[in-house]
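Participant: After the structure tokens below, expect a handful of questions from me.
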Amino acid sequence: MNTVDAAWAVGRVTIGTAVKIFTPLRNYGAERVPLEGGVVLAFNHFSWIDPPAFGTASPRTVYFMAKIEAHTVPGLGQLIRAFGTFSVRRGESDREAVRIMRQIVRDGHALGLFVEGTRQRSGVPGQAQPGAAMVALQEGVPVVPAAIHGSQDWKPGNFHPVSIAWGEPMRFEGLPKGGKGYREASARIQEEIQRLWGWLVEVHESDKRPAIATPP
């Protein structure tokens, strides 16, 4: 077990338990995540609670990407780096971040990306940026989309329910490894995240969220 996996083992017991208590969290379709090999996990993003929620819900250790500003916060930066999180400079080309993303999946790990690039204040999933599609196409690995719902209304202490739904692995054979292919693959990822999110909205509108259910 490497140091990142060791941090995750401890985090699942400590942070993971706290997330399940304070959200509370429902997790649907996590069995769709391949347990071995490189994979890109593509998420939507509403709140700072999303990374620990997705991390708790994932059956894999997730190597997240986070804005460089988060890495400069005393205490927080050291914590997230212990979990394998790496930095990216938003709004500009960051070749080192791209190199790290590709290396993570090449080494057989799970790369976690919030595909919109930033939190969505509107409360609905936004447009997927090309990063997830680029890594998947360049390295020939699948993308597993996942949607989160409820975190846009969650605040510490209000115990608002949060749910996550995982989609089937997506592959993009036949698409070109360039801008056109990245755009088409990103559109497909965005469509699937929005579909999963719509299903979660319906689940939350029902009288009671089921403990077990399979996303369509």
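Participant: Take A128 and tell me if it is in contact (Cβ under 8 Å) with a residue 24 or more places away in the chain, within 19 Å of the chain's Cα centre (by Cα) and within 30 Å of S206 (Cβ to Cβ).
Facilitator: Values: in contact (Cβ under 8 Å) with a residue 24 or more places away in the chain: yes; within 19 Å of the chain's Cα centre (by Cα): yes; within 30 Å of S206 (Cβ to Cβ): yes.
Against the criterion (in contact (Cβ under 8 Å) with a residue 24 or more places away in the chain, within 19 Å of the chain's Cα centre (by Cα) and within 30 Å of S206 (Cβ to Cβ)), A128 qualifies.
Participant: Take R60 and decide whether it is at pLDDT 85 or above and surrounded by fewer than 18 Cβ atoms within 10 Å (Cβ to Cβ). Walk me through how you get there before you give the answer.
Facilitator: Values: at pLDDT 85 or above: yes; surrounded by fewer than 18 Cβ atoms within 10 Å (Cβ to Cβ): no.
For R60, the condition - at pLDDT 85 or above and surrounded by fewer than 18 Cβ atoms within 10 Å (Cβ to Cβ) - is not met.
Participant: Still on this structure, please answer the following. Inside region 1-59, counting only helices (runs of 4 or more DSSP H) that do not spill past its ends, which hold 2 or more residues that are within 29 Å of G198 (Cβ to Cβ)?
Facilitator: 15-22, 50-57
Participant: Determine the pairs where a residue that is within 13 Å of F43 (Cβ to Cβ) and in contact (Cβ under 8 Å) with a residue 12 or more places away in the chain, located within region 182-205, has a partner that is assigned to a helix (DSSP H, G or I) and small (G, A, S) with Cβ atoms under 7 Å apart, the partner being 6 or more residues away or on another chain.
Facilitator: Taking only residues 6 or more apart or on different chains, the pairs are I189/A132; I189/A133.
Participant: How many residues are open to solvent by less than 50 Å² (accessible area, probe 1.4 Å) and more than 16 Å from the chain's Cα centre (by Cα) when one looks only at region 173-199? Reasoning before the result, please.
Facilitator: Quick first cut of region 173-199, residues open to solvent by less than 50 Å² (accessible area, probe 1.4 Å) only: 175, 178-179, 181-182, 185-186, 189-190, 192-193, 196-199.
Next, from what is left, pick out any that are more than 16 Å from the chain's Cα centre (by Cα): 175, 178-179, 181-182, 185, 198-199.
Of the residues in region 173-199, 8 are open to solvent by less than 50 Å² (accessible area, probe 1.4 Å) and more than 16 Å from the chain's Cα centre (by Cα).
Participant: A follow-up question, please. For A132, which of the numbered conditions (1) closer than 17 Å to G38 by Cα; (2) out of contact with any strand residue (DSSP E or B) (no Cβ under 9 Å at 6 or more places or on another chain); (3) open to solvent by less than 20 Å² (accessible area, probe 1.4 Å) fails to hold?
Facilitator: Evaluating A132 over (1) closer than 17 Å to G38 by Cα; (2) out of contact with any strand residue (DSSP E or B) (no Cβ under 9 Å at 6 or more places or on another chain); (3) open to solvent by less than 20 Å² (accessible area, probe 1.4 Å) leaves (2) as the failure.
Participant: When the residues of region 1-36 are narrowed to those that are among the polar types (S, T, N, Q) and more than 12 Å from A82 (Cα to Cα), which ends up least open to solvent (accessible area, probe 1.4 Å)?
Facilitator: T23
Participant: Then there's this: Check off (1) under 24 Å from T214 (Cβ atoms); (2) touching a Leu at 6+ places or on another chain (Cβ under 6 Å); (3) surrounded by fewer than 23 Cβ atoms within 10 Å (Cβ to Cβ) for P142 and give me the number that stays unchecked.
Facilitator: All conditions pass for P142, except number (2).
The values are calculated or read from the model by the stated rules, or taken from the named source; none is laboratory data. Predicted model, so just to flag it, every value in this text is computed and none were measured. Here the Cβ is made from the backbone with ideal geometry for all residues, glycine too, and neighbour counts use every protein chain on show. The accessibility values were calculated without ligands, DNA or RNA, using every heavy atom of the protein model including side chains. Shrake-Rupley method; radii C 1.70, N 1.55, O 1.52, S 1.80 Å.
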